[in-house]
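The next block holds one structure in the form of structure tokens; read it before the comments.
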Amino acid sequence: MKTNLTNIKTNQTAVIKTVLDNPLITKLFEFGLLPGAQFKVVNIAPFKGPISILINDTRIALRQHEAKFILVE
Amino acid sequence: MSNNRLKIALVGNPNIGKTTLFNKLCGLSQKTGNYPGVTVDKKTGYFTQNSIDFEVIDLPGINSLYAKSKDEELVIKYLADSKQKDFPDKIIILVSALNLKRNLYLFHQIKDLNIPIILAVNMIDVAEKRGVFIDDEKLSETVCCPVVKISAKTNFGINELKNELVLPISVSENLEINYTSEISSTELEKLTLQHNKLSNYHTFLAITQNEIQVNDFLTEKNTTVHKLKINESILRYRFINSYIKDVVKVDKSKANDFTTKADKILLHPIWGYVIFGLILFTIFQSLFAIAAYPMDWIDMGISHLADFSKSLLPNGYLNDLLSEGIIPGVGGVLIFIPQIVILFLFFSFLEESGYMSRIIFLMDKMMQKFGMSGKSVVPLMSSMACAIPGIMSARTIENKKERLITILVAPLLTCSARLPVYVVLISLVVPDSYVGPFNLQGLAMLGMYFIGIFTSFLAAFMFKFIIKGNYKGTLLLEMPEYLWPSAKNTMISVWENASSFVFNAGKIILATSVILFVLATNGGADFKNSESIVKEKYNQLTLAEQDVKIATLELENSYLGSLGHVIEPVIKPLGYDWKIGIALISSLAAREVFVGTMSTIYSINSDETLTIKNRLKQEKNPETGLAVFSLATAVSLLMFYAFALQCLSTVAVTYKETKSIKWTAVQFLYMSIFAYLMALIAYQILK
């Protein structure tokens with residue numbers, strides 16, 4: 001099932017399938033959000049605030065706006 | 001500066017203990033730029049090992065060699081130009097054992113620049129406790145550079161690192177290219193020679209930054225600059241993944257996930273905000289409840305010192321200058337050292353523990369409604385100490401519009417320079433009593449903070465619609481593991497901020513108080529004739545009463561008095577007399593001068609040295625006999641000081657950071673006009 005990162009609930013684990021082209025793609029890749037990487041959603045801020053994910057033992061927070069570009073499985 | 005000093009630069013991702021390592025290496029023998037703030041400016045420190053002198057430069061944390069913020073731009077320019085004169089002899093790249101993969105990404109980028117580097121793996125102690133073991137020899141072999149395992153906090157490996165710095169490093173170009181598959185190494189080498197670049201990676205960077213235009217070449221390869229950058233990330237991570245398992249051994253049984261557990265509460269949709277609110281409340285309560293005692297002592301001490309110097313030195317102009325000009329003026333700065341110290345104690349504790357980035361996470365959505373980013377919270381909070389480090393730390397905000405708005409509204413927040421003004425004015429009109437557990441003056445002060453916060457958000461909201469922005473903005477933020485802050489770091493940061501504040505504000509205050517004293521004790525013909533005028537007019541009064549009249553007339557006719565009279569028509573609707581006018585003029589340079597000026601003006605020609613507060617309380621309007629500092633005047637002054645941009649240093653920093661006369665002027669004008677209007681409204685309603 002393919003969906004984007006914003007649909008993953010807290011404590012769920014998923015794998016990044018593709019990252020759609022967006023102005024921040026290089027930055028996302030630099031932070032290790034690459035296709036094939038496994039991650040776990042650890043926290044979501046209220047009112048559609050940022051999402052914090054655990055990837056490569058690092059916690060990264062990103063906005064919903066960017067999370068929509070990340071397709072996961 | 002001796003020439004045989006070895007220059008070392010410290011580079012690394014943000015939040016991995018770079019400042020801790022810097023403090024460990026150099027201790028207190030370090031200096032910062034002009035303004036306080038954590039690694040915002042270039043910091044330089046010194047140490048000696050094996051009788052070789054070292055100079056260490058602490059650079060702001062960066063995430064990659066592709067700059068997204070001003071802060072990163074600065075570091076990248078510095079690292080890329082290894083031909084420049086003050087290029088470091090050696091570079092320490094600090095990585096965290098807890099985030100090795102991601103930190104190695106930056107390491108490989110810098111390594112490919114062919115500059116002499118040492119890889120220092122920090123937080124070894126914490127990593128091993130969590131079952132993460134790193135084979136430094138294998139890592140060194142794989143990445144072809146010296147590797148030292150350290151723990152900046154516990155001192156582990158620091159001596160080994162210093163010894164490694166003494167040894168020469170050989171740099172050889174890495175022939176294997178791990179950052180591009182589209183361009184072959186022969187093609188890159190050809191371009192490097194053709195464009196006279198320092199290394200193949202320099203050439204690659206120049207291509208991706210469009211500095212070298214090779215569009216035809218790229219089209220031929222069916223690629224673009226954008227694709228090259230994306231592919232670089234993929235290839236580099238692939239390379240890191242290919243060796244990381246041989247270098248890092250993980251013992252899962254020891255894993256301890258304190259951070260995840262803590263975040264469950266600290267980032268909770270309700271409790272997270274409750275805790276953040278409580279932290280803010282604690283900070284502000286301590287600022288007033290705890291700081292009040294040392295502040296009273298300093299106030300008393302200054303007034304005793306003035307008495308003492310008055311009685312000790314022979315009578316004369318110099319004595320007066322010292323006891324009525326300089327001592328009370330400088331006392332006005334010293335008095336808020338306790339508050340600065342408390343504020344920065346909390347700040348550095350929050351920063352070091354890793355909680356600061358949780359604040360960013362919690363606040364991002366709300367800040368976006370006001371055209372700012374979660375990252376604006378740190379600059380705005382710093383602005384509650386001083387707008388200068390606040391504005392400078394806005395550099396970390398990637399989005400231009402969000403950054404500009406943050407800079408524009410930061411000076412509206414209550415900085416510590418306003419505190420002495422508020423403290424004096426509030427103590428004049430608000431009784432020092434308690435309602436339940438709350439001190440009324442403390443509540444009034446809290447109210448002033450809320451006014452500052454409210455107007456800054458209001459202004460930000462308006463600017464959100466006025467300023468045009470391109471991209472919606474972003475937030476990509478690493479949330480570090482929670483760590484217990486190091487006492488040494490906290491102390492050094494408090495010391496740096498407090499001393500630089502006292503020094504900077506002190507210079508201005510000292511100069512202003514001397515100038516004011518001279519202006520107040522000299523004047524034209526009316527000033528010189530004051531004595532004879534009074535003697536003639538009031539000859540029925542006692543000598544003592546005549547003396548008071550002479551003193552008042554002299555001050556009124558002094559150069560300073562004339563200046564106050566000139567602006568009186570403008571400020572009269574706000575409820576101010578010419579004496580307050582003088583204080584307004586002199587505090588154009590810096591707000592805190594207000595208190596110093598007031599105490600200078602009111603102590604001139606008075607024999608008793610009272611504390612500032614009592615002196616102002618006694619001040620009566622010579623015509624009406626009513627107190628000058630009525631509720632209406634005091635509130636009007638509070639409004640004026642809350643909103644006006646009376647700080648030359650802030651104006652200078654805004655210009656430096658925005659490089660725009662337009663926005664600097666916009667900031668100054670919108671604040672000043674708003675201040676005048678609010679003061680006017682307050683006075684006219686309350687009088």
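Based on alpha-carbon atoms only, what is the radius of gyration of the stretch B:271-466 relative to the globular estimate 2.2 N^0.38 Å?
Here the answer is 1.21, to two decimals.
May I ask which residue of B:Phe463, B:Leu350, B:Gly442 lies farthest towards the positive end of the charge dipole of the stretch B:271-466, with charges of +1 (Lys, Arg) and -1 (Asp, Glu) on Cβ and the Cα centre as origin?
Ranked along the dipole, the leading option is B:Phe463.
Between B:Val514 and B:Leu543, what is the label-to-label distance in nm when each label sits 7 Å out along the Cα-to-Cβ direction?
In this crude label model, B:Val514 to B:Leu543 measures out at 3.6 nm.
According to the Cα gyration tensor, what semi-axes, each the square root of 5 times an eigenvalue, does the equivalent ellipsoid of chain B have, listed from largest to smallest in whole Å?
Sorted largest first and rounded, they come to 56, 26, 25 Å.
Quick one: how many lysine pairs does the stretch B:519-580 have with C-alpha atoms less than 23 Å apart and a gap of 8 or more or different chains? Give me the count, please.
6
What list of whole percents do you get for P(r) of the stretch B:404-529, with Cα-Cα distances grouped in 5 Å bins up to the one holding the largest distance?
Reading upward from the zero bin: 2, 7, 9, 10, 11, 15, 16, 13, 8, 5, 2, 1, 1, 1, 0.
Just add up the charged neighbours of B:Asn231: K/R +1, D/E -1, any other residue whose Cβ is under 14 Å from the Cβ of B:Asn231.
Here the count lands on +1.
Which aspartates and glutamates have a Cα lying under 12 Å from the Cα of A:Lys68, excluding residues fewer than 8 positions away in the same chain?
Answer for A:Lys68, where 12 Å is the Cα cut-off: A:Asp21, listed by chain and number.
Work out the length of the dipole vector of the protein assembly as shown about its Cα centre, built from +1 on the beta-carbon of each Lys and Arg and -1 on the beta-carbon of each Asp and Glu, and round it to the nearest 20 debye.
2160
Can you give me the P(r) profile for the stretch B:93-203? Cα pairs, bins 5 angstrom wide beginning at 0, each as a whole percent.
Values per bin, smallest distances first: 2, 11, 19, 21, 16, 12, 9, 6, 3, 1, 0.
Around B:Asn539, with a cut-off of 12 angstrom between Cβ atoms, what is the net charge of the other residues, counting Lys and Arg +1 and Asp and Glu -1?
Every neighbour counted, the sum reads +1.
How much net charge surrounds B:Phe87 when only other residues with a Cβ under 9 Å from its Cβ are counted (Lys, Arg +1; Asp, Glu -1)?
0
State the percent of C-alpha pairs, over all pairs in the protein assembly as shown, separated by a distance greater than 54 angstrom.
For the protein assembly as shown, the share of Cα pairs beyond 54 Å comes to 20 percent.
So what are the radius of gyration and Dmax for the Cα set of the stretch A:3-72, in Å?
For the stretch A:3-72, the Cα-based Rg and Dmax read 10.6, 29 Å.
Step through the table entries B:Lys70/B:Lys369; B:Lys162/B:Lys252; A:Lys48/B:Lys245; A:Lys2/B:Lys18; B:Lys18/B:Lys85, compare each Cα-Cα distance with 29 Å, and write down the pairs that go over it.
From B:Lys70/B:Lys369; B:Lys162/B:Lys252; A:Lys48/B:Lys245; A:Lys2/B:Lys18; B:Lys18/B:Lys85, over 29 Å: B:Lys162/B:Lys252; A:Lys48/B:Lys245; A:Lys2/B:Lys18.
Could you point to the residue in B:Asn178, B:Thr154, B:Leu188 farthest towards the positive end of the stretch B:124-190's charge dipole, with +1 and -1 charges on the Cβ of Lys/Arg and Asp/Glu respectively?
B:Thr154
Could you size up the charge dipole of the stretch B:109-176 around its Cα centre, putting +1 on the beta carbon of Lys and Arg and -1 on that of Asp and Glu, and report it in debye to the nearest 20?
About 360 debye.
Could you state, as a whole-number percent, how many of the C-alpha pairs of the stretch B:259-360 are farther apart than 25 Å?
Everything past 25 Å amounts to 46 percent.
Tell me, B:Met384, B:Met678, B:Met372 in order of fewest to most beta-carbon neighbours within 10 Å?
Exposure proxy ranking, most exposed first: B:Met678, B:Met384, B:Met372.
Please order B:Thr406, B:Thr455, B:Thr224 by the number of other Cβ within 10 Å, starting at the fewest.
Ordered by Cβ neighbours within 10 Å, fewest first: B:Thr224, B:Thr455, B:Thr406.
Figure the gain on full extension for B:Lys138 and B:Ile234 (residue separation times 0.36 nm, minus the Cα-Cα span) and round it to one decimal in nm.
Difference between extended and current length: 32.2 nm.
Going by how many other Cβ atoms sit within 10 Å of their own, how do A:Glu66, B:Glu164, B:Glu592 line up, fewest first?
The most exposed by this proxy come first: B:Glu164, A:Glu66, B:Glu592.
I'd like to know which of A:Phe29, A:Phe39, A:Ile8 lies farthest towards the positive end of the charge dipole of the stretch A:2-58, counting +1 on Cβ of Lys and Arg and -1 on Cβ of Asp and Glu.
Selected residue: A:Ile8.
Taking Cα centroids, how far is the stretch B:652-687 from the stretch B:415-442 in Å?
Distance between centres, Cα-based: 25 Å.
Can you give the calculated 222 nm mean residue ellipticity of chain B, where each DSSP H run of n ≥ 4 adds -39,500 (n - 2.57) and the sum is split over every residue, rounded to the nearest 500 deg cm²/dmol?
-19000 deg cm²/dmol
Among the lysines, select those whose C-alpha is under 18 Å from the C-alpha of B:Lys249, and discard any that sit fewer than 8 residues away in the same chain.
Qualifying lysines at Cα under 18 Å: B:Lys101, B:Lys129, B:Lys138, B:Lys149.
Assign unit charges at the C-beta atoms only (+1 for Lys and Arg, -1 for Asp and Glu), then state the dipole size of chain B relative to its Cα centre in Debye, rounded to the nearest 20.
1620
Report, to the nearest 10°, how far helix B:559-571 tilts away from the longest principal axis of the Cα atoms in chain B, using its own Cα long axis and a range of 0 to 90°.
That works out to roughly 80 degrees.
Note down the Stokes-Einstein diffusion coefficient of the stretch B:6-166 in µm²/s, whole number, using a Kirkwood radius over alpha carbon pairs, 4 °C, and 1.567 mPa s.
Using the Kirkwood radius from Cα pairs, D works out to 82 µm²/s.
Any read-out appearing in this document is the output of simple, stated calculations on the displayed coordinates, not a laboratory observation. Being a predicted model, the structure only gives us computed values, none of them experimental. Heads up, the Cβs are rebuilt from the backbone with ideal geometry, glycines too, and the neighbour counts pull from every protein chain shown.
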